[in-house]
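Novice: Next up is a structure, given as C-alpha cells.
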Amino acid sequence: MTPAKSPSSPTLLASAYTPPKESGLKHRTAALQLLLSDLITFGTINPQVTPEGKRQVMLCNWAMSVIVALCVDTFPTQDIKDIPSERVSIRKFVLEAISRALKDIPASDSPDARYGRLLALIDLCYRLLSVRFNMGPRKVNDETPTDIAKIMLEKNFVATLTNALADVDLNNPGIRTVVAGILRPLEYLYVSL
C-alpha cells in the first residue's frame, strides 16, 4: 500500500482479522462487551489509593483509550466531509454498545460499584466528545468530536444520560461526582446542537 492510501490505524486494527460474517460480528461484540462490562469501571465512586485501586483505574483508562482510538480518525483526509464509511459504522457500533452498557448496569452490584461503573462510562462518553489529538505541524482535527456528537444525538444519548441522572440516589455520599460527570457530556451535546 502507498502511504497516501493506507488506512488509519484504528481501521486497520478493527479490520486486521476478518473471520466469516456471522462470527465476525459476534467476536467484535464480545470484545467490546469485555471492555465495557469488565474493564471500564472505577469499582467505586472514590477510587482507593491502594495498589489494587490504582490497578483498576489504570485498566479502566487503558480500556477507554482503546475505545477512543477505535473511534478517532487520525488519517488526514483532504475533505473533512469525506469520512470513510467504515469509520462511521465503527463509531455507531461502539456508541450503541456504550448506550446499552449505560442502560444495563447490573442492579445486583452494590450502589458504590454501580455508580463507579456509571462514572467510568460517563467519563468515556465525555472523552469521545472532547477528544483532541495532535498530528504534528498540521492543524488539530476538530471534526471528530462533532461527528461523534451527531451520532450520539442520533442514538438518543440525551435521553439515556437523562435517565441515568434520574436514577441516581441523591442521598448517597459522594454522588456529587457522578452528577457532575453526567452533566459534562449532556452539556457538550447541548452545545453541539
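Novice: Based on the mean of other Cβ atoms within 10 Å per residue, sort peptides 103-110, 91-98, 115-122 so the most packed one is first.
Specialist: Result, highest mean first: 115-122, 91-98, 103-110.
Novice: Cβ under 14 Å from R114's Cβ, R114 left aside: what net charge do those residues give with Lys, Arg +1 and Asp, Glu -1?
Specialist: Surrounding charge for R114 is -3.
Novice: Around G43, under 13 Å between beta carbons, what's the net of Lys plus Arg minus Asp minus Glu among the other residues?
Specialist: 0
Since every read-out is calculated from the coordinates, none of them should be taken as a lab result. These numbers were taken from a predicted model, which means no experiment stands behind them. Cβ coordinates were reconstructed from backbone atoms using ideal geometry, including for glycine residues, and neighbour counts include every protein chain displayed.
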